[in-house]
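Structure first, commentary second.
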Amino acid sequence: VTLRLLDGTTVTRPLERQADVVVVGSGPGGAACARELARHGLAVLIVEEGGLATPDDFRADAFTSMSRLYRGMGAQVTLGAPAMPYLQGVAVGGTSVINGAISWRLPRPVWQEWIDADPGLEEGLRWRDLETLFDDLERDLHIAPTDDAVAGPNSHLLGEGAEALGIAHRPILRNVHGCRGLGRCLQGCPGGHKLSMDRSFLDDACSGGAEILARVRAERVLVDWGPRRLFSPPARRPRAVGIAGISTGGAPVRLRARVAVVLAASAVQTPLLLLRSGLRHGPTGDGFAAHPGVSMSGRFADPVVVWRGATQGHEAHGLCHEGLKFESLGFDIAVAATRLPGVGRELRRELADLPHRAFWGAAVRARSRGQVRPLGQGARVHYTLGLDDLRTVRRAVSLLGRMMLAAGAEHVLPGVHGAPVRISDPAEMARFEHEGPLDPGAYSMALTHMFGTARMGTDPARSVVGPGFGHHAVDALHVADSSVFPSNTGVNPQTAILALATLAARSIVRGLG
Ligand SMILES: Cc1cc2nc3c(=O)[nH]c(=O)nc-3n(C[C@H](O)[C@H](O)[C@H](O)COP(=O)(O)OP(=O)(O)OC[C@H]3O[C@@H](n4cnc5c(N)ncnc54)[C@H](O)[C@@H]3O)c2cc1C
Ligand code: SF4
């Protein structure tokens, strides 16, 4: 992999650059968009706040990798009930560097919901185009079911539990090549086997002439507002002409865009950039949607050794229509330890027993919506789960426990405040679905999939970008990440983001005539 990259720590004097398109963010959205633009011969500059990390830099312990590769050291938390950590990568390659490599096409029923709610969207999101793109993405990113030889016991047991409960399950499709089951996807793959953006699409984009400005933070979109006229409407629509930012070396950076500016800074940072640039159009920053995730561990007589094998190798997808999806979840030993009960001698016993624990997670397609607003240099994410969503979370916990017990767990640790610390009776776990607490504070959840904060739609009053990914109020400004998704998807979003960002690039190219 050879990336054309300038590191902003070396930029200590004001820097001015020009390109056809300036893309903010090098995660799946930015990388896929830049790759497609470069393929069409456009000169692309990608500006990325994080630095480049190579497999040699990745460390096994979660806390070191969080401090280096996760935004806010992994300690960003939503405001609301319950308060939830929301995890994001900050690196060349974005969150793909530290994600589980799970690859899902956008489900057709979700696409259909979007089109039914706003038929005009089909103009920019034709299903036929998406299907062709998914075929191409699966080929280009080696997307394939997890090899049984590397899946490991944590994943195999999930298959057994789901089978026992009659829930459809399968090996997870992942964007990896030669995965050896080192169980470290969430800390960065030390063998370079995960085809994260820094090892795939950014390489393609750079081969096509794109350049990455790493460790440079975009602070606002530069907008040419046109001649201002008192008491009469503007002479013409405003136009995005670049990005103003700052390098880690402390120098101001001005990037001029001849054709377009693309925001792909994630569903949290993209609306922040818009708002910080004074672009408050319509629901910018509203409509935040997510997949709250709960996890559970269970004790098995035989060792599971959750930190070996594919980080996420098996999933139960049979209840996706209910908004529930289950996955095996390989944690670093230090993170796994935080989920154990007790203190002192009891905790020591639990720690010694850690190799016998399986860990699985459930992602909930929550209906609740939140809001993203700037707070100093950071974000305020307001997000509270409604009662319906809490019922789904409760069902998720119940099913996780029942699957684990059916797979042979001696007991499970539900990790729910107010519930027994250990449950070994499947009937008790089943009762939890109706009798478990509905107090949001009882559950520990985290967010890794976020959507909807600059959503796409035909009505400028109720959306931020149109079906061609262009901002409703500002010309030459486009959004190419999951901010544009009208809703959450119920499945892991990376592949859908890659597809939509590619379509965003094509729309920019079409606009050139
Ligand atoms: C632990 C974890 C595991 C996950 N596992 C999976 C999985 O297995 N499968 C899946 O499909 N999804 C997974 N996801 C989610 C998936 O990785 C994200 O949905 C996806 O990466 C989002 O893509 P994006 O391009 O919108 O944003 P990101 O990937 O977050 O990239 C945005 C980039 O923009 C940069 N940026 C932000 N603001 C600025 C600024 N002002 N100036 C310059 N740069 C900026 C950021 O530093 C970041 O690098 C996971 C997420 C997490 C946290
Ligand atoms: S499971 Fe391990 S070897 Fe496989 S891609 Fe993830 S970190 Fe790399």
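Rule-based calculations on the coordinates, nothing more; no lab input. In this text, all values refer to a predicted model and were calculated from it rather than measured experimentally. Cβ placement follows ideal geometry from the backbone for every residue including glycine, while neighbour counts extend to all protein chains displayed.
Cα gyration tensor of the stretch 65-206, axes a ≥ b ≥ c as square roots of the eigenvalues: rounded (a/c below 1.5), prolate (a/b > b/c) or oblate? Intermediate values should be presented prior to the final figure.
Working: a/c = 1.26, a/b = 1.15, b/c = 1.09.
Since a/c stays below 1.5, the shape of the stretch 65-206 is classed as rounded.
Before rounding to the nearest 500, sum -39500 (n - 2.57) across all DSSP H runs of length at least 4 in the chain and divide by the residue total; then give [θ] at 222 nm in deg cm²/dmol.
Values: 12 runs with 143 residues, N = 513.
Calculated from helices alone, the mean residue ellipticity at 222 nm is -8500 deg cm²/dmol.
Any idea how far the Cα center of the stretch 101-133 sits from the one of the stretch 462-478, in Å? Using only Cα atoms, the two centres lie 18 Å from each other. Spin-label pair Arg345-Glu160: with each label point 7 Å from Cα along the Cα-Cβ axis, the two points sit 3.3 nm from one another.
Evaluate E = 1/(1 + (r/R0)^6) for His417 and Ala352, where r is the Cβ-Cβ distance and R0 equals 22 Å; express this FRET efficiency to the nearest 0.05. Write out the running numbers ahead of the final one.
On the way: r = 25 Å, r/R0 = 1.15.
Calculated transfer efficiency: 0.30.
When all alpha-carbon pairs of the chain are counted, what percent fall beyond 40 Å? List each step's numbers first, then the result.
Working: 26367 of 131328 pairs.
The share of Cα pairs beyond 40 Å in the chain comes to 20 percent.
Given their separation in residues at 0.36 nm each and the Cα-Cα distance between them, Ala168 and Thr10 gain 51.7 nm when the chain is fully extended.
Counting charges near Ser266 (Lys, Arg +1; Asp, Glu -1) among other residues having Cβ under 12 Å from its Cβ returns a value of -2.
Rg and Dmax of the stretch 329-380, based on Cα coordinates, read 17.5, 44 Å. Taking 0.36 nm per residue of separation and subtracting the Cα-Cα distance, full extension of the segment from Arg229 to Asp61 would add 54.6 nm. When each of the peptides 322-333, 218-229, 28-39 is scored by how many other beta carbons lie within 10 Å of its residues on average, the order from highest to lowest is 28-39, 322-333, 218-229.
Database remark: amide H of Trp104 closer than 5 angstrom to the amide H of Gln494, Thr495, Ala496 (H placed geometrically; neighbours at sequence offset of 5 or more, or on other chains; Pro and chain starts carry no H). I need the shape label for the stretch 1-129. Rule: rounded when a/c is under 1.5, else prolate if a/b > b/c, else oblate, with a, b, c from the alpha carbon gyration tensor. Taking the square roots of the gyration eigenvalues as a ≥ b ≥ c, the stretch 1-129 is oblate. A cut-off of 5 Å between modelled amide H atoms, ignoring neighbours fewer than 5 places along the same chain, links Tyr86 with Gln76, Val77, Thr78, Leu447. 3J(HN,Hα) couplings calculated from phi for the stretch 446-452 with the Karplus curve 6.51 cos²θ - 1.76 cosθ + 1.60 (θ = phi - 60°) are, in sequence order, 9, 10, 10, 10, 9, 8, x Hz; Gly and Pro show x.
Using packing as a proxy for protection, rank 308-316, 345-353 so that the peptide with the highest average count of other Cβ atoms within 10 Å comes first. The partial results should precede the final answer.
Details: 308-316: 27.6, 345-353: 12.0.
The most tightly packed comes first, giving 308-316, 345-353.
Principal-axis analysis of the Cα atoms of the chain puts helix 108-117 at an angle of about 50° to the longest axis. Over the chain, Cα pairs under 8 Å with separation of 6+ residues give a relative contact order of 24 percent.
Need one number: % antiparallel among DSSP beta bridges in the chain, to the nearest 5. About 65 percent, rounded to the nearest 5. Take the Cα of Glu322, go 7 Å toward its beta carbon, and the backbone nitrogen atoms of the stretch 405-420 under 18 Å from that spot belong to 405-407.
Each peptide in 1-9, 148-156, 94-102 was scored by the mean count of other Cβ atoms within 10 Å over its residues; highest first, the order is 94-102, 148-156, 1-9.
The distance from the alpha carbon centre of the stretch 369-409 to that of the stretch 339-359 is 24 Å, rounded to a whole number.
Note that the stretch 480-493 has calculated 3J(HN,Hα) couplings of 9, 9, 6, 4, 7, 4, x, 8, 6, 10, x, 9, 4, x Hz, one per residue in order, obtained from phi through the Karplus relation 6.51 cos²θ - 1.76 cosθ + 1.60 (θ = phi - 60°); glycine and proline are x. Available extension along the chain between Thr458 and Leu512 is 17.3 nm, counting 0.36 nm per residue and deducting the alpha carbon span. Amide H to amide H distances under 5 Å link Leu5 with Ile212, where only residues 5 or more positions off or on other chains count and H is placed in the peptide plane.
Taking the C-alpha atoms only, the angle from helix 148-165 to the longest principal axis of the chain is near 70 degrees.
Counting only C-alpha contacts under 8 Å and six or more residues apart, can you give the relative contact order of the stretch 127-225 as a whole percent?
On the way: 60 pairs, mean separation 23.5, N = 99.
Contact order relative to length: 24 percent.
Computed on the stretch 357-407, with alpha-carbon pairs under 8 angstrom and 6+ residues apart, the relative contact order is 36 percent. Across the stretch 219-235, computed HN-Hα scalar couplings (Karplus, 6.51 cos²θ - 1.76 cosθ + 1.60, θ = phi - 60°) run 9, 7, 7, 7, 10, 8, 7, x, x, 7, 10, 5, 6, 9, x, x, 5 Hz from first to last residue, x flagging Gly and Pro.
Shape call for the stretch 81-139 from the C-alpha gyration tensor, a ≥ b ≥ c root eigenvalues: rounded (a/c under 1.5), prolate (a/b greater than b/c) or oblate? It comes out oblate by the Cα gyration axes.
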